[in-house]
Amino acid sequence: MWTEENNKLTRHFKFANFVEAFAFLTKVAILAEKHNHHPEIYNVYSKVTIHLNTHEAGNIVTEKDRQLAAAIDGVV
């Protein structure tokens, strides 16, 4: 589940291995481009953390972030 903390929507993902994590990140990259909204992403081996906030709105969580989060949930 996504949590809202420090003006960011955050979610941690765990995959079986690096290849699965990277495949997920590729799908997220495509979604981010389609939404014209680019998340902060951290990846270490099979773990991925994504942070979303809207820079042009003053680095707060907006509907734009919630829409991308929902789209990302659709590819998990």
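Applying the Karplus relation 6.51 cos²θ - 1.76 cosθ + 1.60 with θ = phi - 60° to segment 63-76 yields 3J(HN,Hα) values of 4, 4, 5, 5, 5, 5, 4, 5, 5, 5, 4, x, 10, 6 Hz, where x marks Gly and Pro. About its Cα centre, the dipole of the chain is roughly 200 debye, where the only charges are +1 on Lys and Arg Cβ and -1 on Asp and Glu Cβ.
Where a number appears in this text, it was derived from the coordinates with a stated rule and is not lab data. What you are looking at is a predicted structure, and each value in this text was computed from that prediction instead of being measured. Neighbour counts run over all protein chains shown; Cβ positions are idealised from the backbone, glycine included.
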